[in-house]
Every structure is written in structure tokens, then in C-alpha cells.
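Note sheet for the following structure.
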Amino acid sequence: MSVLEAIDLSIRFGGVQANRDVSMAIGEYEIVGIIGPNGAGKTTLFNLITGFYPPDSGRVKLKGRDITDLPVHRRAGLGLGRTFQNVGLVKGATVRDNLITAQYLQADYSVLGGMLGSRTSLATERVLRSKADALADALGLGDLLDTQVAGLPYGTLKRVEIATVLATDPEILLLDEPSSGMGPEEAHRLGDTLLDLRRDFGLSIAMIEHHVPLVVRICDYVYCLDFGELLVEGTAEHVRNDRQVVAAYLGEDPDPEVLELERQLDSLVEGD
Amino acid sequence: MESILRQHRSKVIGLALVVALVVVLLVTGQKGALVIGLSTGSAYGLLALGLVLIYKSSGVFNFAQGEFGTVALFALYLLDFHVPYWVALLGALVVAGLMGFLTERIIVRPLFEAPRVILLVATAGVALLAIGVEIWLATSTGKPIAKAFATVDRVTVLGVQISDQRLWLIATLVVLAVLLGLFFTRTNLGLAIIGASQEPTATELVGISVRRLSSFTWVLAALLGGLAAVIIIPDGGSFGPAIMTTQYLIPAFIAAVLGGMTSLPGAFVGGVLVGVVQSVATSAPIFEDIPGTKSTLVLFVVLLGVLLVRPQGLLGKGS
Amino acid sequence: MTVTREDTSAVGRKPPPARFRPSPIGWALRGVIWLGVAYLVLVFPLSRPAGDLVSYTTAVCYGIVALSLNVLLGYVGQISLGHQAFVGLGAFTSAYMVTEQGQSFWVGVLAAAAIGGGQALVLGGVSLRIRGLYFALITLSYGLVAEQNIFQIQELTGGGAGQPAPKPELFNTEWRYYYLCLAFLALVLLVDWRMMRSKAGRSLLALRENPRVAATFGINVRMATLFAFVVSGVFAGLAGALIAHNDTFVSPDVWNFNLALVFIIMTVVGGLRSRAGLVIGGAFFALMPYLIEKIPGFTDLLAKIPGPQDLTPEIAPLVIGPLLLLLTLIQFPGGIGQQLRPITRWLGGRKFDLHDRGLKEVQITDVRA
């Protein structure tokens, strides 16, 4: 049973057909990869799924429920979490504040109560704060809780972002290039982290990725987009060796020797 | 034919609006309003040109645009005692340009990266400082000022007298609007200014000094402000502290926004529109029951109406 | 960079540093300062003449206005160039309710707060559709409409002489009224403080900087924006009512665009998002003519500055105010609040840190239309 389904999503911006009839699905506890060259429409797909634009046509279903007409904040309430290419955090706030703000939907008291300092609001705030601290510790960010986000190094920002999106208590996680800016070793560790998170938090994950070894290692299923359309889908191995995919990345039918060299390089990095 | 219409859609809308307005006014018998509107509207339009110029280059609404003009008036007044009128006029423009230069250097540049709200507040500060100093220096609120052209009733259009000074104003506006329009679309300098406002890093990389461009733009805008003041105000015969800001800045702002804030011909159309609406609001019988200054309310409603329907202004490009 | 395996247990974190506790001398010093402030605010006014108390009360009310404007300008990043309309309509509403409708002062204040919130709600709705610079113009125009149309309605304004606004029975001396307004200021400060420490405040700060991310946290950005406008409007309406009964009458002339700019200046110079700074900023600008007169020798100093006429207490603020504003914006963007931060933090029981300037201001979404 798919927890998230995109059905024939299409959208046009001015003269550009950014997505055309793109369909994909995430199964329960699956990790799905979305690959494709730059400009293929991957982030646009995420934007459609999370509700930042309405599609020209097509539907989005979350756990069988049609959410195509729901605004962004309502989808967050249904367990859909997402990260952004240029790091979606409140940079003017501290790490802890971000983690607490992200628990907005779990702040179970009235706004008026909060303004007047009701007992419920104070108690709930304490709970949110300790949850934030625990989450930060779980991701090795405990020392940074009182640090302002702006000014943290890029790799740390990415970790903070993952902690923050986890604070929204998601069931489905959409990650936009989580390994960007990371070297091969860091990306490897990211893969471990994602597998652990899936297990510990019971998540289903879709990730836009460029880092092929990471995709091959942890993705159960992969979709490849190019020019706004779905090119190929299947297991990681299948997609990666597909001629169309390679052509899309390299722009032409590649030399088999080059392909072989690439494969050997990949296995070196993987330590096979 | 259709594709041509779509390409120049904003200009077509503007033209259609103007035609519709003229027809309405002629039909309802408000002929005088049309002429008065055109006349005062040109004043707003000229000031609006400066506003649009700054907005296109710095992305901020320049609250001090009116005071560039008032300062020029003070300079004109003082210089007129010592040198021939035309020299005094030039001197006044130089003073205005200097004020623009100093404003850019001292206020705008340090705040280059700041949120635009802060920059807007800063230009308001410049305006207020100028006004404070003017109040301090001017021992009375009404000082006489001479005009360049003496003839008051050169032409009479539809029952309204048009003075030489007004004709000069309208002519200047039209010429400037055309020149600036060409400047921004055809000359390298003009394109560089637009480029610098959108992509400052890229502009620097191609070897253009964004700082020098910024200075140039502000001086130019200040000159426009000064020019507007020295043509318009002497027609009334007297001036005082803050006169440009109190009487012309806000209608000019409305004119620029109605026109789309990015369009120079828009500033002109907006100015005329504001002038006409003001004049009709003041005299037309349907607005009789509005308490206080009728044109204020009517302008607000028009502004709100236009922006709600077309948030980018009448001739602005959609975002 | 060394490679270490991410430790997913909670063992990894260093124990948090022990909370700083001031020494006994530290407590004593802080206590003295607190007592000094309390004396200045609570005891000193008792010995002053009634006329001075009216000025002090105005200062307190301006503090509330600054807090109100800060909700829009500082927390949400929205500009309000017509804020005098919210305050003024609050003033007229309260005066009207008491004089024309025979209601008590308390009903007047409540009505003023409600009207303030209502106006702000409508403008907030407009802000959802019209953005940035264009919205700034709408607020400006609305302020003008208030000054030149709404406040010219005869029934509301009681003709040209203004609408009377008597003080409430229990607080009908200048001294008692001053303490009443102080109590209201304390209430506003408390509500503002609690709001910012709860989910409402956090959602405002998030949406100010990054509305898309705020939405993914589950925050309804539209509702949060409207909420901020209402809070701002309620505070402003309240301040207006208090000002009305302080002056004992309300006239249309003062609610002009110049006042709108004064409000903006005092809020920015006071320091956005700093409660202490805002109250001080509001008070300072309200008291400027008073201070210039009362500080011995200052008027003579000003008169010495060469010019065609003297820099009198009426004219001097017109020059000093904008100068302070420009200085704040260019050199000290956090205003008085930021400069005082080491002291306010120290007074709150923390270590004195001269370099603590609070969180860095981050480049936020432009007001570009």
C-alpha cells in the first residue's frame, strides 16, 4: 500500500512544462530515490506534492486520501515533512528555537492561553523543550542548541534541518538533495543515518539525489526524471544501468569503457 | 494582430484606460477636471519619474524625493538675490544633485544589504531631517518665489487657463519620460543600472562599478526632484518648508504605484490619473457628502481597487 | 576532518555549563539599580506638578504604541505608515463612547481596543493580497483617510473643538491616572512577553523570515499574519484610549502623517524586538520637548548653534529626532535596545557581557513589491 502517491502531475510555468504527467509512489517504510539531471523538474515535483503550487492537472494522495487541494500547512499536519535545497530553517533563531517551532502542531494549547501564561501552555512548553533537546542529542547537535543557525557550517546546517523536520513528527519525509555539499565518506554516513531514522522513527522516505552510490545503497526504488517527464523507474541497479538514464546525464550514448571505469570507481568508494 | 496585442499588453491597457477616462470626463461634463488633472498630474508624473528611477535601481521607495525639490527651492530663493534667475535655477539643481549624492553616500550605501523596510525608513529620516532644518532656517512659512515665465494665461483649454510655467512643465515631463524610457532600454548605462539592481554581483564581475552606478542614479533622481520643484512651485508664487513633500510626494507615490512602479510611461499615466481623480473628486456632485478632503478618500479607494485587482499596478509587469 | 561514527544515544552531549549565579554583591548591585528604576518610575512623579504628570503619562502611552508598532514592524516585518490611524481612532472611540454614549471609561477602553483590532484585521487582510512596498502605500493612504476624512465626521469628533474625554471616577487625578496607565503598560508588556515565548510568537518570527518553511512546520501563515495585525491593533487602540483621557479631549489635527513618522522613528530608534528599548524609545520621543526644557542649560546650548532663529524646544526635536534615527539605522541597527542589552541581561541575573548583542539580524524577505 502506498503511503504517498503522485498521479499524473503536470504543471507549466510560462513557456516551460516543468512537470508532465509525472507519477510516482512511496510504499510504506520504503526509501525511494528521485534522480535526474539539473532542471529535470525534481524539486518542482516536491513542490507540487507538498502543496506550494497547485498542479495544472493530476492528483496527490496521502495514505489513500486526496490532498491535492489542501494548503501546505494542512499537509504538514497529516505527516508530510520536507527539506529544502537551500536549507529550510529559521536562520535568525537558535537551533533549539527551530526545533521547538517545528513542533508547532504538537503545541496543544490555545493561542490566548499562551499569551496569558496558562498552566497548560507552560507545561506544554516544557515538554516541547525537552523533546527538542532529546532530538538534538540524537543527532549529535546537543552542544549547538543555543547557537544561532546563521553562521553554522553547511554540513551542520543539513543535520539541523533533518533534526528540525523530524521534530514535525512526520510519517513521510521528502528530502531535497540531503547529501549536497558532502564528500563520499559523509554521504556514506548519511546513508547509515537515514536507514537508522527509517527504523527508529518508522518513516517512508523519498529523496532527490545526485549521489549515485548513496542511491544505489539505500533506495528500494528509483524514479528518473528528465525534462519534466518520468524517464525510467525501477530498482536502483536497473535504473542506473538503463541507457536512457545514462544518456540523460551524459547527453549522449556513452563509451562502454567509461561506464565500466565509473563502476569500478564507485565500488572503490563503497569499499566492496 | 493578436500577438502584437499580447506583447504590448500593458501599454494597450494604459492607453485604453486613458481613452476611457477622457471619454467619461467629456461625457459627464467634467471637462475642466480633465485639464486641471492633466496639469497637476504632470507635476505628480515628473516627481514619480524620480521615484520609479530609484525603485528600479535600489528597490526602495525614496521618501526624500520631495525634499530634493524643497531644498532646491530654498537654494533658488537664496541665489535669486545674488545672480540672474537662470543661473540661480542651475545652482538650485546643482544643490539638489549634491543632496542626492550625499544621501546615497551616507545613508543608502551602508544600508545596501539591509531589508528594504529599513532603507525606506532611512529615506524618511533624510526627508524629516531636511524638513527640520528647513523649519529652523525659514523664519516664516510662506516666502515669495519668482517664476521663470511670467505669462499666466498663455492658453485656455476647455475653460481652464494654462500658464507658460505649466506648459514648460508638461513639455519637460514628456521629453524626460521619453528620454528616460530610451535611456533604460537602449543605452548601455541604462541597462547597466537595471542589471545592477537585479544582479549586483554579476554586474561587478563584468567590470561595472555598482557603487558608481548607484551614485549616478541618485544624483539623477535628485535632479529630477529639483527640476520638478523649480518648475511647479513658482507657478503658485510662494513656498515654505516641506512644501514638496506635503503637497506632491504622496500623490506622486500613488501615481508611481498605479503606473506599476517599474514603468516610466506608467509614472506619467499614473500622474495624470491621480490628477484627474483628485480634481473630479473635489468638484463632482456625487462626492459631495464625503467629510473632509474628498480627494483623499477617493484616491484611497481607487488605489485599493487597482491594487486588489492588479497587484502589480496598471502597467507593471506581473510577478 | 576526522571521521567519527554518529552516536545516536544521548551520551554524546557534554553536560550543560552550570547556570551562572550572581554573587551576593552582584545581587546587591542589581537590587540597587532595580530600586533606582522603581523609584524613578513610581515615586519620583509623586512630587511633580500635574502638568508634568500629563507628560509622563504620554510617555507611558507612547511606550505602548511602540510595542504595538513593533508587533508589525519587528515581529512580522510588515510596515505600517498609517499607525496613527489605529491610535487615533481608538482615542476618538473611547471619547465618543464616554461623552456621546454615556458609557464608563472601561467600556470606552474596551471599545477602543476592539475597534483598533478590527481596523487592523481589515488591513491585515489587504496585506495578504497586496505586498511589500505597495502595502506600505496603502497603510499611508489609510492614515491620510483617517486624518482627513474619518476624523472629520462631525458626530465622531464633536465639531472643530474636539471631543471631550474625561478621566474615570476612580482615577480622576493626574497622578492616579499615571499609575493606571503604568498598570496598562505592564499588562501589555506581560502579554507581549508571554506571546513571544509561546507558539504564537515563534510562528510570527518564523513567518517573518521564511514563510515557506513556516508552512511546512504546520503554521497557517495567513492566520498568523492576521493574528499579528489584530494584536498590534488592539494595543494601538488601547494606547489611543489612554491618550484621549490623558489629554481630556481628542482633536483631529494631531493625527497626521507626521505623527505616523514619529511613531516609526521611536520604534526603530528604541530597537525592534527589544521591549526595554521600545518603552524607552517611546518615552524618550514623547518627552523630548519636555527634556529639552527641563535639563538645565540645554536650551541655552541649543540657542548658541548659529542660525536665523534659535533651536527652540519646539524646533529642536524636529532636527534631533531624524538625526537619531539615521544614526541608529546606520551605526546601531538594533537601536537603544541593542545598546542596553548587556545591561538588561545583567539586570536579569546573568553575567555582564559587553559583547552580547543578541542574535544577528538575518537578511529577510525583501519589501520589494
Could we say that B:L224 is farther than 22 Å from B:V178 by Cβ and modelled with pLDDT of 90 or more here?
-> no
Would you check if B:A92 is crowded, with 24+ Cβ neighbours inside 10 Å, more than 17 Å from the chain's Cα centre (by Cα) and not polar (S, T, N, Q)?
-> yes
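Residue by residue, here is whether (1) in a loop (DSSP other than H, G, I, E, B); (2) under 13 Å from the mean Cα position of the chain (by Cα); (3) hydrophobic (A, V, I, L, M, F, W, C) holds:
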{"position": "A:M115", "(1), (2), (3)": "no, no, yes"}
{"position": "A:L135", "(1), (2), (3)": "no, no, yes"}
{"position": "A:L152", "(1), (2), (3)": "yes, no, yes"}
{"position": "A:I162", "(1), (2), (3)": "no, yes, yes"}
{"position": "A:M182", "(1), (2), (3)": "yes, no, yes"}
{"position": "A:R198", "(1), (2), (3)": "no, yes, no"}
{"position": "A:M207", "(1), (2), (3)": "no, yes, yes"}
Kindly list, by first and then second residue, each pair from a residue in the range A:133-162 that is more than 7 Å from chain C (Cβ to nearest Cβ) and closer than 16 Å to A:G191 by Cα to a residue that is among the charged types (D, E, K, R) and assigned to a helix (DSSP H, G or I), limited to pairs with Cβ atoms under 9 Å and residues at least 6 apart or on different chains.
-> A:L139/A:R159; A:G155/A:E186
Could you pull out the residue among C:L301, C:L323, C:L278 that is more than 9 Å from every other protein chain (Cβ to nearest Cβ) and surrounded by fewer than 20 Cβ atoms within 10 Å (Cβ to Cβ)?
-> C:L301
Could you list, in sequence order, all residues of the range A:77-98 that are under 17 Å from the mean Cα position of the chain (by Cα), in contact (Cβ under 8 Å) with a residue 40 or more places away in the chain and either within 27 Å of A:L152 (Cα to Cα) or within 10 Å of another protein chain (Cβ to nearest Cβ) (or both)?
-> A:L80, A:G81, A:R82, A:T83, A:F84, A:Q85, A:V87, A:G88, A:L89
More than 8 Å from chain C (Cβ to nearest Cβ), more than 20 Å from the chain's Cα centre (by Cα) and crowded, with 19+ Cβ neighbours inside 10 Å, is that true of A:L173?
-> no
State whether one or more residues within the range A:56-76 are over 18 Å from the mean Cα position of the chain (by Cα), away from every other protein chain (no Cβ under 12 Å) and part of a helix (DSSP H, G or I).
-> no
Has the range C:136-145 got any residue that is hydroxyl-bearing (S, T, Y) and not in a helix (DSSP H, G or I)?
-> no
Counting only residues in the range B:282-317 that are part of a helix (DSSP H, G or I) and small (G, A, S), the one nearest to B:V257 (Cα to Cα) is identified as B:G305
Going through the range C:79-108 in order, the residues found to be touching a Ser or Thr at 6+ places or on another chain (Cβ under 6 Å) and in a helix (DSSP H, G or I) are C:G108
Got at least one residue in the range B:256-264 being at positive phi, buried (at least 24 other Cβ atoms within 10 Å of the Cβ) and modelled with pLDDT under 85?
-> yes
Selection count, the range C:160-216, where residues are assigned to a loop (DSSP other than H, G, I, E, B) and either modelled with pLDDT of 95 or more or aliphatic (A, V, I, L, M) (or both) = 2
Determine if the range C:219-237 includes at least one residue that is in contact with a Leu (Cβ under 9 Å, 6 or more places away or on another chain), part of a loop (DSSP other than H, G, I, E, B) and within 10 Å of another protein chain (Cβ to nearest Cβ).
-> yes
Kindly provide the set of residues from the range C:184-201 that are more than 7 Å from every other protein chain (Cβ to nearest Cβ), under 16 Å from the mean Cα position of the chain (by Cα) and under 13 Å from C:A228 (Cβ atoms), ordered by number.
-> C:D192, C:M196
What number of residues within the range A:57-104 are of a type outside the set (S, T, N, Q) and within 25 Å of A:G27 (Cα to Cα)?
-> 25
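The values are calculated or read from the model by the stated rules, or taken from the named source; none is laboratory data. Since the model is a prediction, treat every value here as computed from it, not as a measurement. Don't worry about glycine lacking a Cβ; one is built from the backbone with ideal geometry, like all the others, and counts go over all protein chains shown.
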